[in-house]
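The values are calculated or read from the model by the stated rules, or taken from the named source; none is laboratory data. What you see is a predicted model, and the numbers here were worked out from it, not measured in a lab. Cβ sites come from the backbone with ideal geometry, for glycine too, and all protein chains shown count toward neighbours.
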10 protein chains.
Amino acid sequence: MPDASLLDKFPAPTDQPFVVEHVSDEFTSVCPVTGHPDFGSVTVRFEPKPANAGGTCVELKSLKLYLQSFRNEGIYYEAVTNQIRDDLVALMQPTWLQVITHWKGRGGISSVIRATSGTVPCEFLTMTK
Amino acid sequence: MPDASLLDKFPAPTDQPFVVEHVSDEFTSVCPVTGHPDFGSVTVRFEPKPANAGGTCVELKSLKLYLQSFRNEGIYYEAVTNQIRDDLVALMQPTWLQVITHWKGRGGISSVIRATSGTVPCEFLTMTK
Amino acid sequence: MPDASLLDKFPAPTDQPFVVEHVSDEFTSVCPVTGHPDFGSVTVRFEPKPANAGGTCVELKSLKLYLQSFRNEGIYYEAVTNQIRDDLVALMQPTWLQVITHWKGRGGISSVIRATSGTVPCEFLTMTK
Amino acid sequence: MPDASLLDKFPAPTDQPFVVEHVSDEFTSVCPVTGHPDFGSVTVRFEPKPANAGGTCVELKSLKLYLQSFRNEGIYYEAVTNQIRDDLVALMQPTWLQVITHWKGRGGISSVIRATSGTVPCEFLTMTK
Amino acid sequence: MPDASLLDKFPAPTDQPFVVEHVSDEFTSVCPVTGHPDFGSVTVRFEPKPANAGGTCVELKSLKLYLQSFRNEGIYYEAVTNQIRDDLVALMQPTWLQVITHWKGRGGISSVIRATSGTVPCEFLTMTK
Amino acid sequence: MPDASLLDKFPAPTDQPFVVEHVSDEFTSVCPVTGHPDFGSVTVRFEPKPANAGGTCVELKSLKLYLQSFRNEGIYYEAVTNQIRDDLVALMQPTWLQVITHWKGRGGISSVIRATSGTVPCEFLTMTK
Amino acid sequence: MPDASLLDKFPAPTDQPFVVEHVSDEFTSVCPVTGHPDFGSVTVRFEPKPANAGGTCVELKSLKLYLQSFRNEGIYYEAVTNQIRDDLVALMQPTWLQVITHWKGRGGISSVIRATSGTVPCEFLTMTK
Amino acid sequence: MPDASLLDKFPAPTDQPFVVEHVSDEFTSVCPVTGHPDFGSVTVRFEPKPANAGGTCVELKSLKLYLQSFRNEGIYYEAVTNQIRDDLVALMQPTWLQVITHWKGRGGISSVIRATSGTVPCEFLTMTK
Amino acid sequence: MPDASLLDKFPAPTDQPFVVEHVSDEFTSVCPVTGHPDFGSVTVRFEPKPANAGGTCVELKSLKLYLQSFRNEGIYYEAVTNQIRDDLVALMQPTWLQVITHWKGRGGISSVIRATSGTVPCEFLTMTK
Amino acid sequence: MPDASLLDKFPAPTDQPFVVEHVSDEFTSVCPVTGHPDFGSVTVRFEPKPANAGGTCVELKSLKLYLQSFRNEGIYYEAVTNQIRDDLVALMQPTWLQVITHWKGRGGISSVIRATSGTVPCEFLTMTK
């Protein structure tokens, strides 16, 4: 079951601006309607707050374990995407954050869900992944 | 026969902004003039209203069955595209919605139809699919 | 001989905005100077007027027969392109229309002709085909 | 020797706007310094004046013969490009015209020369050929 | 251990504007959590101050040795990126500087970190590496 | 040793605007620190002044010999790039000029140096070579 | 329902050897287990008997109508492939014949079925389609 | 837990030779050492015995469910591949059968396991998937 | 109407072995069943007899005119291919000859016809065009 | 006019076997029928005799001048190819030699001519250029 308590963070190492991007190509959860597994990728992109404003970054291994906690959860694509956005925003209160999920075809239909928090700079809005 | 009653929806899981994209590469209907089958892809992209404004998302399996209901319908490309746009707008009243259909060659001519509702952000207007 | 009377149309299925694109990769006519055959592709892209303003769409099979009627006509690239633009504008009075023709090499020279009517949105002006 | 009298033209077939593009991948002339042959491509792109303003288009076979007349001429890349621009502007007085020549490596150096007349729309300025 | 004292510089050779870009595809450090090696690339891009304002450039061999000094350091991606940015800014006080690190997949997750100092011109903001 | 006296020029053939681009993929010099050979490419792009303002173009064979004169010179990438810019600006006083050098990997690091004089039009600023 | 009586043939035009290949990328039938539509491509490749031995070729439009007759049939991939092989062998008694069907993913699984009659020359056995 | 009883079969539809290939790009199991999920693809390729010799084919939906039954099993790549081979051979006794599994990188290492039963024709032995 | 009398030849220039290949990407004829135009490419490949055995080669311009003579002929793909093979064999009596025609999709089906005379060396049998 | 006396050679530097390949992408001659220029590439590949058997290699600059001597010659593709083969065989008496010429499209037809002397090893027979 998705478990935000798995998420860990560490203080942003600087007051200067920087942007973090993590892409997992090995995400899987379960369709709540059919019970069949869903496979996809998850992109998380964010700008932490400056260190002197209490900025933090999600720790990578904890992010991996958190994403793995969806493995046997029956959950919609849209809910996965928004929950990841919400859990990471709650964890870090970043300046902005973007989550993009790509889902392999199911019944001949592939899907992409994009969720944001704050104002994403335009050079990232047009990235396909 | 195209059957909008097959479409099902669920409440948007959040008040935060997000964008949904579904692409079916396995669409088929019938040409109303020649009776021959048409083959193509259908892209549906939309931003639901926020949950607190009654926003909803189309359920994926119901979308699959709805798209399959065109299988033996004699209908123009343009009518397919606009009907999908209209049926989904009626279902969800989304903030904006975009439908793009690509049709394989018939008589040596391939076609693309793009239909919109509301104001589609420019980063999506330039996507080819 | 090019025959605009072959063109047929049907009422636009909606008052909502949509854009139609037809690409034929099997166009041939005859060079009026050398008598040798020319080969190329024809892209037609347009936004019909809304249905409640009398908007119409060219019917696809009639477009195929119309394009085939150029087969043995001795005619310049530029005239082909402008005649298709003019015949389709006369047929449909669309909000805007764009015709792009690509011609295979003749004497080592390949050519592209672009003709427009009305104001083509910029996301279509930069398409190469 | 380059011979502008080989160029022929015909009246623009319409008052509506259109753009013509001819690309020859088989251009050759001679280096005036070393006497060695140069090989390259020539792109000519222009918008003719409207027919009712006396607009004309260069005839394609005459353009081929004109480009072939450079074959044994000792002439710089820059002069080739500007002479083509000048000869075509003198022939047609187009609304705008663009000539781009690409030259294969000589002494390990490849070259591109771009010459314009009038105001070239920005969607053509960024084309690489 | 990362050692900024390895970095050497030389005076900018001119008062005119220029931009320097160094890309190392052979960067390795150690994950501070798992102890496993990380592999990635590091892009450093900057505009030095003019020579008459005391501008300097990082010397390439010293940059190589500096990047190699991270080899056995247990350090986060984010800290690597910001430390390189900070060490180079301290070394050169450039007009602007951009550091982009790409990290190969670990636990199925690949990452990109982007850090900047000063105002990076937009033609560089959209570069993927 | 780099020898600007090798550079030759000829008068711009026209008062009309045009842009010249020369790319050498066979540039080599020597690293001043390690004594090892460096290999790379050099792009020179400029708009000459109009002929009636005394505009000139660098002669291609002289450019080749000039670039070859760096062969055994121990010199930094940054100095190569700026010296080429300065020598060509001194030779031609062009309206604007851009020099981009790409350097193959040395110690696993590849580099790009961009130097300009005057105002380079934006369609050239974003070219990668 | 699949209808072999739709297939038509014409006499092989020669006693000399030749090989015919037809590829349809627009095949659809229905899964006999789930009732959902299947989509795929069908390749038919054969060498007719010589004309003087009564050789024949399948007529293309009749082949199209025959393939379309599977549209609403509930039938396994393996049965589709073997039935096409059997119906075409019964129609033409060719020297050899090869049928390859490719099926788009269903439940994340894509499939290829290859069926033969007679001895297929090795240069065709290794073709992927 | 892997469950061969989920596998279902149906009689081969013909006595003629044919080859079946199923590729799942959505396979996941669990590493028995680290407990982390593994992701990969599974290719199953076989020639059934002729119908008159009792030949059978694995039913596709049952194959999907069987592959999904590995989802939470801690099992080596090699064991996965051989078990699938063994379970399918036990189910069908095919003339020959080939299983190829591709595994995404873990700790920077990607893997491919190939297992066979009977004599696989050489045109399939050289396929990469 | 196809006219073999348009074909011209010239004596093979040598007794040594050589192979000639001509590819036309601009072939068109008419479907004898539907009356619609067909488009495709024609590859002709042959080894002439040695000059001292009366070997000849087809003249290229005559081949072009011959291929153009099919333009308005209602004729099957198979008949086109075999007639070209027969007419060229009658013209030249080559050591061997191969004709490959590729036809664009009609009714969603694309086709390839391969016809040979004599023994084609294996390095040419596996060429796709 | 083609001039074999331009060809120069030097002794093979060894008794050991080696293979030489020269490719010119800048070949031009003139069509003897139409008088129009032809453009193409020329590949020359050979194994010299051992040095102790009097083996020689063609000198590269002399080969360039020799190929340029065809520039204004009216000559068939086949004759160009065989003459180059014959002139080089006469010059060097190599163990084997292969000449492949590729010709850009003329009248929509592109051509390839392959001529050999001696026994070309099979790994070179299948090269497309």
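If you go through the range D:93-109 and keep only what is over 12 Å from the mean Cα position of the chain (by Cα) and within 15 Å of D:SER24 (Cα to Cα), you end up with D:TRP103, D:LYS104.
Sort out which residues of the range E:103-129 are assigned to a strand (DSSP E or B) and basic (Lys, Arg), and write them in order of number. Let's see the steps before the verdict.
Step one: list which residues in the range E:103-129 are assigned to a strand (DSSP E or B), which gives E:103-106, E:109-117.
Within the range E:103-129, E:LYS104, E:ARG106, E:ARG114 meet the criteria.
Selection within the range H:7-41: residues that are of a type in the set (A, V, I, L, M, F, W, C) and farther than 19 Å from G:ARG114 by Cβ. The member of this set that is surrounded by the most Cβ atoms within 10 Å (Cβ to Cβ) is H:PHE27.
Quick one: in the range F:107-129, of everything that is among the hydroxyl-bearing types (Ser, Thr, Tyr) and either at the interface with chain E (Cβ under 7 Å from one of its Cβ atoms) or touching a helix residue (DSSP H, G or I) at 6+ places or on another chain (Cβ under 8 Å) (or both), which residue is surrounded by the fewest Cβ atoms within 10 Å (Cβ to Cβ)? The residue in question is F:THR126.
Residue by residue through the range F:1-12, note down the ones that are within 14 Å of chain D (Cβ to nearest Cβ) and in contact (Cβ under 8 Å) with a residue 60 or more places away in the chain.
Taking the range F:1-12 as the starting set, the residues that turn out to be within 14 Å of chain D (Cβ to nearest Cβ) are F:6-12.
F:LEU6, F:LEU7, F:LYS9 - these are the residues of the range F:1-12 that are within 14 Å of chain D (Cβ to nearest Cβ) and in contact (Cβ under 8 Å) with a residue 60 or more places away in the chain.
Checked against the criterion of being modelled with pLDDT of 95 or more, under 28 Å from A:VAL58 (Cβ atoms) and more than 12 Å from the chain's Cα centre (by Cα), the candidates E:VAL120, E:VAL23, E:VAL112, E:VAL44 yield just one match: E:VAL112.
Within the range B:47-67, the set of residues being crowded, with 21+ Cβ neighbours inside 10 Å and either modelled with pLDDT under 95 or touching a strand residue (DSSP E or B) at 6+ places or on another chain (Cβ under 8 Å) (or both) comprises B:GLU47, B:PRO48, B:GLY55, B:CYS57, B:VAL58, B:LEU60, B:LEU63, B:LEU67. Of all residues in the range H:96-106, those being touching a Phe, Trp or Tyr at 6+ places or on another chain (Cβ under 8 Å) and surrounded by 19 or more Cβ atoms within 10 Å (Cβ to Cβ) number 4.
Wholly within the range F:13-96, which strands (runs of 3 or more DSSP E) include no fewer than the required count, namely at least 2 residues that are facing another protein chain (nearest Cβ under 7 Å)?
Counting at least 2 such residues, we get F:18-30.
Kindly establish whether E:LYS104 is basic (Lys, Arg), out of contact with any helix residue (DSSP H, G or I) (no Cβ under 8 Å at 6 or more places or on another chain) and more than 29 Å from A:SER41 (Cβ to Cβ). It is false that E:LYS104 is basic (Lys, Arg), out of contact with any helix residue (DSSP H, G or I) (no Cβ under 8 Å at 6 or more places or on another chain) and more than 29 Å from A:SER41 (Cβ to Cβ).
Inspection of the range J:85-95 identifies no residue that is surrounded by 20 or more Cβ atoms within 10 Å (Cβ to Cβ) and of a type in the set (Ser, Thr, Tyr). The residue pairs whose first member lies in the range C:72-100 and is under 15 Å from C:PHE46 (Cα atoms), whose second member is among the acidic types (Asp, Glu) and surrounded by fewer than 18 Cβ atoms within 10 Å (Cβ to Cβ), and whose beta carbons are closer than 6 Å, counting only pairs six or more residues apart or on different chains, do not exist in this structure.
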